[in-house]
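Have a look at the structure below, then the notes.
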């Protein structure tokens, strides 16, 4: 997205903030990127530079089915995905801010209250329909963060050895919470079926997942121009 705005000569029209601190909590950031217009969440992943340019130009957008748009936003947020899977429900992530960002509220004119109601009415069906996608997206996040934790040295064999339900579960508890906030009331044994499925998926596809993550991360951190732009942005306060 940042690269696209740079190419279009529009990056100077947005204010970038780094979210390396708890200042991100004050801003209500639930996913990255998190686009805000006049203090209102206006877009989140999946979002492109073209989407941002439409917001800048005041062009009305059509988010399509609000339930689909919301679930795509959940899928692309490792936090929202983790909370949903831990609880076995999307109910804990149906917040006005995430819905507003998902349906591009400021640009679409969609009523957030109506969208929340529609999503809530279909919550059970949506979770079951997207459950496998959420598991797979979280599996990639699990591999990515093991890659980070190992300084990039983790191997596919290491990954297979770590792909056990209790290890994935430990990671998911940390991923789907802020301290104890957002955890299930009794987190013991949460998401057992999902943890088993995720562990098996990572073990089975370890080499491919690791290669995908390695290419992604090397591409990001070797892009000096992009990194300089990000580093020069102020911290969220």
task = Could you check residue 137 against (1) more than 18 Å from residue 31 (Cβ to Cβ); (2) buried (at least 18 other Cβ atoms within 10 Å of the Cβ); (3) touching a residue at least 60 places away in the same chain (Cβ under 8 Å) and say which number it fails?
result = (1)
query = Just checking, how many residues over the range 63-105 are farther than 22 Å from residue 168 by Cα, in contact (Cβ under 8 Å) with a residue 40 or more places away in the chain and part of a loop (DSSP other than H, G, I, E, B)?
reply = 4
inquiry  = Which of the numbered conditions does residue 144 fail, given that it passes all the others? Conditions: (1) under 25 Å from residue 40 (Cα atoms); (2) in contact (Cβ under 8 Å) with a residue 60 or more places away in the chain; (3) surrounded by fewer than 21 Cβ atoms within 10 Å (Cβ to Cβ).
reply    = (1)
request  = Would you mention how many residues in the range 16-57 are outside any strand (DSSP E or B) and touching a residue at least 12 places away in the same chain (Cβ under 8 Å)?
outcome  = 29
ask   = Conditions: (1) within 30 Å of residue 6 (Cβ to Cβ); (2) surrounded by fewer than 16 Cβ atoms within 10 Å (Cβ to Cβ); (3) under 22 Å from the mean Cα position of the chain (by Cα). Residue 178 meets all but one. Number of the miss?
value = (1)
query = Has the range 212-230 got any residue that is at pLDDT 95 or above, buried (at least 17 other Cβ atoms within 10 Å of the Cβ) and under 30 Å from residue 6 (Cα atoms)?
reply = yes
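Conditions tested, residue by residue: (1) farther than 17 Å from residue 33 by Cβ; (2) out of contact with any helix residue (DSSP H, G or I) (no Cβ under 6 Å at 6 or more places or on another chain); (3) modelled with pLDDT under 95.
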| position | (1), (2), (3) |
| --- | --- |
| 67 | yes, no, no |
| 71 | yes, no, no |
| 88 | yes, yes, no |
| 96 | yes, no, no |
| 102 | no, no, no |
| 116 | yes, no, no |
inquiry  = Kindly evaluate residue 110 against the criterion of being out of contact with any helix residue (DSSP H, G or I) (no Cβ under 7 Å at 6 or more places or on another chain), outside any helix (DSSP H, G or I) and in contact (Cβ under 8 Å) with a residue 24 or more places away in the chain.
reply    = no
task = Could you please tell me which pairs satisfy a Cβ distance under 8 Å, a separation of 6+ or placement on different chains, a first residue in the range 193-204 that is touching a residue at least 24 places away in the same chain (Cβ under 8 Å), and a second residue that is surrounded by 22 or more Cβ atoms within 10 Å (Cβ to Cβ) and not in a helix (DSSP H, G or I)?
result = 199/163; 200/163; 202/163; 203/163
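The values are calculated or read from the model by the stated rules, or taken from the named source; none is laboratory data. Note that the structure is predicted; figures quoted are calculated from it, not measured. Please note: Cβ atoms are built from the backbone with ideal geometry, for glycine as well, and neighbour counts cover all protein chains shown.
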